[in-house]
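*Asks:* Below are the structure tokens for one structure; questions will follow.
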Amino acid sequence: MSPRVLSGILLVLLMAGPLVLPEFHITLLNYIGLYALVALGLVLLTGVGGLTSFGQAAFVGLGAYTTGYLTTAEELPAVLSWFGASPWLTLVAGLLVTLAVAGILGLLTLRLSGHYLPLGTLAWGMSLYFLFGNVSFLGGHTGMTGIPPLSLFGFELRDGRRLYYLIWLILLVAVWMTQNLLDSREGRAIRALKGGGIMAEAMGVDTARSKMVIFLVAAAFAAISGWLYAHMQRFVNPTPFGLHIGIEYLFMAVIGGAGHVWGALVGAGLITVLKQWLQDLLPRVFGASGNFEIIVFGLLMIFVFHRARDGLWPLLARVVPVKRSARAVPSGQPLARRAHPAVGTRLLEVRDAVKKFGGLVANNQMSLEVHAGEILALIGPNGAGKSTLFNLVTGVDPPTSGEVHFLGDRVDGRSSREIARRGMSRTFQHVRLLPAMSVLENVAIGAHQRGSAGVAAAAVHGERGEEARLLAEAARQIERVGLVDAMFDAAGNLALGQQRIVEIARALASDPSLLLLDEPAAGLRYLEKETLAELLRKLRDEGMGILLVEHDMDFVMGLADRVVVMEFGEKIAEGLPEEVQSNPAVIEAYLGGVE
Amino acid sequence: MDIQIALLLAQDGIVNGAIYALLALALVLVFAVTRVIFIPQGEFLAFGALTLASFQAAKVPGTLWLLIGMGIAISIIELASSSRLRGGRRRLTFALGWNLAYPAVLAAIVLLAKPGDWPLVLQVVLALALVVPLGPMIYRLVYQPLASASVLVLLIVSVAVHLALVGLGLLFFGAEGSRTPAFSEASFSLGDVTITGQTLWVIGASLLLIVGLYLFFERSLWGKALRATAINRVGAQLMGISTTQAGKLCFLLAAAIGAMSGILVAPITTIYYDTGFLVGLKGFVAAIVGGMVSYPLAAAGAILVGLLESFSSFWASAFKEVIVFTLIIPVLLWRSMTTRHVEEEEE
């Protein structure tokens, strides 16, 4: 069965729902739809982006309370009065309020390391809940009543059966847009967040922006759900926007499968039905009333994390008989290339760079130059400070003093993203690929800064032309490094040596003038090393500058044009490979001196 | 507001602040050593107070059944895994002793010895004996299998544990709150202000616990091992410190601190099954002031939270919680301005 047929069947079933199902089930399905919309935002935020919010219920509350207030208040301030005219305008108002609040919260917490955001949302979700309950014009703990029903083309969506179609239409559109977004240049940047910011930034991804985007999208989904909720219930009070409900949303996403858009639906469905059932069953079992279902949810959640970290959706997807269509190598117009400097131009100049970590001087008065069309090898014993120098050059860590110039501009102190944009690209000593993504997608991240389509275009797939060109570029680079056969394999399934080659392809996809390779030959077999050396020579002959950190002396000496030797953070020798090899200081550094 | 009210509010704030400080210290401790953001910290407060209240009402506290249940669960897991491990026999005897024999002995005492008639001190000891072991048991059951997971996963799991415990709390103790008798009925007047004996108990016991913790970390080998684990897990492991043992010890301390604060505060405020969460969250706000790593800053933050709470309850009592939890925003802002973004190297 093809995915298209399957989704067609499901869609028909969904459409037929209100015609055959009793009222109770329709109400339940409506709730599932509303919850799934919030959980979908959390899939994007938590499952894909690696950020977490316990405060989504508060965003739902903002959406619901905004429309509740604007449609029921007797005297609106003049500036707001035109919002009260139609619930569709209050949706806009609710989104604006929510996005503004989420934006401020995001600015405060997204920069901080991982756990501050959830803690912030925990506290913030709490305080907003109390605010809803204590502000008199929002009705206090009793809430607001008399919210009008929605109407569409003069057709009042007064009962659940009619609203059902609107809720599920909005949910499916949201799922579609989320899926589109994830399958795009912006989506790859979002998915790269989980791989740690250093790699994404080095590929030119603005990680702060990507985080903000998913945070705002998740908040917007929540606000829309709240708006629908308010017009379905026709009244709002603080209870459904408390912290416990916020936690429940997160449970839905995680139990359903936080990494998959359909996981949101599965999770919302399961938790909603389970809750209904348990709320009936447990008080009878325990002989007392109370929300005992949270005991079961808590235990279920722990169980999921112990036994099925990816949630239920992957387990379900395995059972569903869906055939995957074969994938074709992408083709598209070549991307525009940057103007590369002529052979012999000085690309990189490091001048008297010093880096201190507290009392430790990791780099002391280091200077070196790399020219277009040459391979410079940086060698030295372990702990000599090569990686530190790499970090100074690529903008991961600013130097304590000294200067780094790239293509005539001073770049020390600039972010690695800016430096990458100027035409420097790198690989990592510890491979930083996204193991679950295909080789093609991983390499396409390298071409990130060569595209420009934004989130909105991606969400409706209005950028397919550019996307095809980006993927075609990635495919070309994969072909160039000789990994065509592995193009659609998950990067994590490749051997370590091949993963290093994928990193080189990713770096090449950014069309760099200068390539920085951190131990590219480690873990490669003899023939693979030969092929790699061949590739690097070809790149050099095309005019690219290459800075190579390597331990494998045979590899370096046969390949490099010049060699710089470091020990204890300082340069102890520089010159042609043969000169360096016979330099007594170098021999002493590597073999130890004669006492 | 005159000076008398201000002093009264300050006294209130400091008493609550002392409790928040204890919880904040426990949170920082657990986070530093195990990377677990221990949301259920507050549940131990409620469990400690309500277990004591159950004894006084001559009821069998539900925490006893929880202790027995978790003991049985751990025993089953240990039995299943002992055959695969070296030195399994000794470990197994030890585990079964703590997880089956110990709860059994406690059950015998609670059910047969009528602790309702005991003096308060012994009731407190029994309540602690019942509640504190739940800490390491939770570590064993929930967190130990996830020791290598990311902070985020551990956080979500903590929330799950919190939910399960709150639900169990409702089941065990019902929805109505309890208060326990004061440790001391004495009261002193200091000028216009009356200071109750219980206030002094809370502040004194908090200081004592803090000093005790300080000595533990500075002077004892285990304390140093915990500090080493907090600074560098792998390094500590290489030096022969078992991170599992360190984790259990931390949870033991956290549970003890939580239960003790509950017992201290129960004569002052009515404790409900879900009181712990809100109190624990305020401990969090304090811990975040300390960046989740600094003990003195966390303690200072706790006093700040306590004072802020008591003074805002005077001026704007409805917005007391809003004010306390919004405090976190400027704190986060300050932290995000002063901390250089550090790349997290996990998952």
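The values are calculated or read from the model by the stated rules, or taken from the named source; none is laboratory data. Small disclaimer: the values here were computed from a predicted structure and weren't measured. Here the Cβ positions follow ideal geometry from the backbone for every residue, glycine too, while neighbour counts run over all protein chains shown. In case anyone asks, the SASA skips ligands and DNA or RNA and just uses the protein heavy atoms, side chains included. Shrake-Rupley method; radii C 1.70, N 1.55, O 1.52, S 1.80 Å.
*Asks:* Would you point out the residue of region B:136-157, among those that are open to solvent by 30 Å² or more (accessible area, probe 1.4 Å) and small (Gly, Ala, Ser), that is nearest to the chain's Cα centre (by Cα)?
*Replies:* Once the filter is applied, the top-ranked residue is B:Ala147.
*Asks:* Also, quick follow-up: Quick one: would you say A:Ile546 is more than 23 Å from A:Leu347 (Cα to Cα) and open to solvent by less than 60 Å² (accessible area, probe 1.4 Å)?
*Replies:* For A:Ile546, the condition - more than 23 Å from A:Leu347 (Cα to Cα) and open to solvent by less than 60 Å² (accessible area, probe 1.4 Å) - is not met.
*Asks:* Also, quick follow-up: A:Ser582 versus (1) touching a residue at least 24 places away in the same chain (Cβ under 8 Å); (2) farther than 27 Å from A:Pro341 by Cβ: which is the lone unmet condition?
*Replies:* (1)
*Asks:* Separate question: So which of A:Leu515, A:Leu539, A:Leu470, A:Leu535 ends up being under 27 Å from A:Gln333 (Cα atoms) and not in a helix (DSSP H, G or I)? First the steps, then the outcome.
*Replies:* Working: A:Leu539 fails: not in a helix (DSSP H, G or I); A:Leu470 fails: not in a helix (DSSP H, G or I); A:Leu535 fails: not in a helix (DSSP H, G or I).
Criteria check complete, one pass: A:Leu515.
*Asks:* Of the residues that make up region A:490-509, is at least one part of a loop (DSSP other than H, G, I, E, B), open to solvent by less than 40 Å² (accessible area, probe 1.4 Å) and in contact with a strand residue (DSSP E or B) (Cβ under 7 Å, 6 or more places away or on another chain)?
*Replies:* no
*Asks:* Sort out for me the helices (runs of 4 or more DSSP H) sitting completely within region B:115-216 that have 1 or more residues that are touching a Lys or Arg at 6+ places or on another chain (Cβ under 8 Å) and closer than 17 Å to B:Ala254 by Cβ.
*Replies:* Values: elements: B:120-131, B:134-138, B:151-173.
Hits in region B:115-216: B:134-138, B:151-173.
*Asks:* Do we find that B:Val125 is modelled with pLDDT of 90 or more, open to solvent by 40 Å² or more (accessible area, probe 1.4 Å) and not acidic (Asp, Glu) in this structure? Explain how you work it out, then say what you get.
*Replies:* Numbers: modelled with pLDDT of 90 or more: yes; open to solvent by 40 Å² or more (accessible area, probe 1.4 Å): yes; not acidic (Asp, Glu): yes.
Answer is yes for this residue.
*Asks:* Ok, one more. Could you give me the residue pairs with C-beta distances under 6 Å whose first residue belongs to region A:401-424 and is in contact (Cβ under 8 Å) with a residue 40 or more places away in the chain, whose second residue is of a type in the set (Val, Ile, Thr) and crowded, with 18+ Cβ neighbours inside 10 Å wherever it lies, and which are 6+ apart or on separate chains?
*Replies:* Filtered contacts from region A:401-424: A:Val404/A:Val350; A:Val404/A:Val393; A:Val404/A:Val411; A:Asp412/A:Val404; A:Ser416/A:Thr394; A:Ser416/A:Val396.
*Asks:* I've got another one for you. When you scan region B:195-211, do you find a residue that is in contact (Cβ under 8 Å) with a residue 24 or more places away in the chain, within 24 Å of B:Ala21 (Cβ to Cβ) and within 14 Å of another protein chain (Cβ to nearest Cβ), even just one?
*Replies:* Looking for residues that are in contact (Cβ under 8 Å) with a residue 24 or more places away in the chain, within 24 Å of B:Ala21 (Cβ to Cβ) and within 14 Å of another protein chain (Cβ to nearest Cβ), one finds none in region B:195-211, hence no.
*Asks:* Still on this structure, I have one more. Check A:Leu150, A:Leu166, A:Leu105 and return the single one that is within 14 Å of another protein chain (Cβ to nearest Cβ) and not charged (D, E, K, R).
*Replies:* On the way: A:Leu150 fails: within 14 Å of another protein chain (Cβ to nearest Cβ); A:Leu166 fails: within 14 Å of another protein chain (Cβ to nearest Cβ).
The unique qualifying residue is A:Leu105.
*Asks:* Within region B:164-179, does at least one residue satisfy the condition of being under 22 Å from B:Asp274 (Cα atoms), without any contact (Cβ under 8 Å) to a residue 40 or more places away in the chain and open to solvent by less than 10 Å² (accessible area, probe 1.4 Å)? Show your work before the answer.
*Replies:* Start the filter on region B:164-179 by keeping residues that are under 22 Å from B:Asp274 (Cα atoms), which leaves B:164-179.
Among the residues that remain, those that are also without any contact (Cβ under 8 Å) to a residue 40 or more places away in the chain are: B:164, B:167.
From what is left, the residues that are open to solvent by less than 10 Å² (accessible area, probe 1.4 Å) are B:164, B:167.
Yes, region B:164-179 contains at least one residue that is under 22 Å from B:Asp274 (Cα atoms), without any contact (Cβ under 8 Å) to a residue 40 or more places away in the chain and open to solvent by less than 10 Å² (accessible area, probe 1.4 Å).
*Asks:* Please state which one of B:Gly88, B:Gly69, B:Gly97, B:Gly13 is of a type outside the set (A, V, I, L, M) and modelled with pLDDT of 90 or more.
*Replies:* On the way: B:Gly88 fails: modelled with pLDDT of 90 or more; B:Gly97 fails: modelled with pLDDT of 90 or more; B:Gly13 fails: modelled with pLDDT of 90 or more.
Result of the check over B:Gly88, B:Gly69, B:Gly97, B:Gly13: B:Gly69.
*Asks:* Using the structure shown, decide if A:Arg111 is open to solvent by 60 Å² or more (accessible area, probe 1.4 Å), within 14 Å of chain B (Cβ to nearest Cβ) and not polar (S, T, N, Q). Explain how you work it out, then say what you get.
*Replies:* Details: open to solvent by 60 Å² or more (accessible area, probe 1.4 Å): yes; within 14 Å of chain B (Cβ to nearest Cβ): yes; not polar (S, T, N, Q): yes.
Yes; evaluated as a whole, the condition is true for this residue.
*Asks:* Taking helices (runs of 4 or more DSSP H) that fall entirely within region A:226-340, which contain at least 1 residues that are away from every other protein chain (no Cβ under 14 Å), open to solvent by 20 Å² or more (accessible area, probe 1.4 Å) and touching a helix residue (DSSP H, G or I) at 6+ places or on another chain (Cβ under 8 Å)? Explain how you work it out, then say what you get.
*Replies:* Numbers: elements: A:243-257, A:261-286, A:293-307, A:313-319.
Those helices (runs of 4 or more DSSP H) span A:261-286, A:313-319.
*Asks:* Might you let me know whether region B:247-255 holds any residue that is surrounded by 14 or more Cβ atoms within 10 Å (Cβ to Cβ) and either in contact with a strand residue (DSSP E or B) (Cβ under 8 Å, 6 or more places away or on another chain) or free of Cβ contacts under 8 Å to residues at least 60 places away in the same chain (or both)?
*Replies:* So the first thing to find is which residues in region B:247-255 are surrounded by 14 or more Cβ atoms within 10 Å (Cβ to Cβ), and the list is B:247-255.
When the remaining residues are screened for being either in contact with a strand residue (DSSP E or B) (Cβ under 8 Å, 6 or more places away or on another chain) or free of Cβ contacts under 8 Å to residues at least 60 places away in the same chain (or both), the result is none.
Scanning region B:247-255, I find no residue that is surrounded by 14 or more Cβ atoms within 10 Å (Cβ to Cβ) and either in contact with a strand residue (DSSP E or B) (Cβ under 8 Å, 6 or more places away or on another chain) or free of Cβ contacts under 8 Å to residues at least 60 places away in the same chain (or both), so the answer is no.
*Asks:* Right, A:Ala16: surrounded by 12 or more Cβ atoms within 10 Å (Cβ to Cβ) and either within 14 Å of another protein chain (Cβ to nearest Cβ) or small (Gly, Ala, Ser) (or both) or not?
*Replies:* Working: surrounded by 12 or more Cβ atoms within 10 Å (Cβ to Cβ): no; either within 14 Å of another protein chain (Cβ to nearest Cβ) or small (Gly, Ala, Ser) (or both): yes.
For A:Ala16, the condition - surrounded by 12 or more Cβ atoms within 10 Å (Cβ to Cβ) and either within 14 Å of another protein chain (Cβ to nearest Cβ) or small (Gly, Ala, Ser) (or both) - is not met.
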